[in-house]
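Novice: Structure in structure tokens, see below.
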Amino acid sequence: MTRKGFGSRAIAIGGLAAALMAVVPAAHAEDKVVVFAAASLKDALDAVNKACEADVGEAATVSYAASSALAKQIAGGAPADVFLLA
């Protein structure tokens, strides 16, 4: 038995991993990449962030919340390098 939508979720996670691995090395040594992500992405993004840290030696700073709450924070000036909606 397979989970509904598992294939597309795996593709999305793979794309996210590639994006983070591209962004993290580009950040200055003293700056961390800041990611705002929907709370529903926590498990997957934590795994990707851990893999990025092992690969490039730097993990992103990730904030999880409802997409609408994160959008309001960004509109209010909160810094985010990556914004992941669900």
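Novice: For segment 24-50, which residues satisfy the criterion of being crowded, with 16+ Cβ neighbours inside 10 Å and either of a type in the set (D, E, K, R) or at pLDDT below 65 (or both)?
Specialist: 24
Novice: While we're on this one: Considering only segment 48-72, state which residues are over 15 Å from the mean Cα position of the chain (by Cα), over 13 Å from residue 38 (Cβ atoms), assigned to a helix (DSSP H, G or I) and of a type outside the set (A, V, I, L, M, F, W, C).
Specialist: Selection gives 55, 72.
The values are calculated or read from the model by the stated rules, or taken from the named source; none is laboratory data. Keep in mind that this is a model prediction, so the values were computed, not measured. FYI the Cβ positions are ideal-geometry reconstructions off the backbone, even for glycines, and counts take in every protein chain you see.
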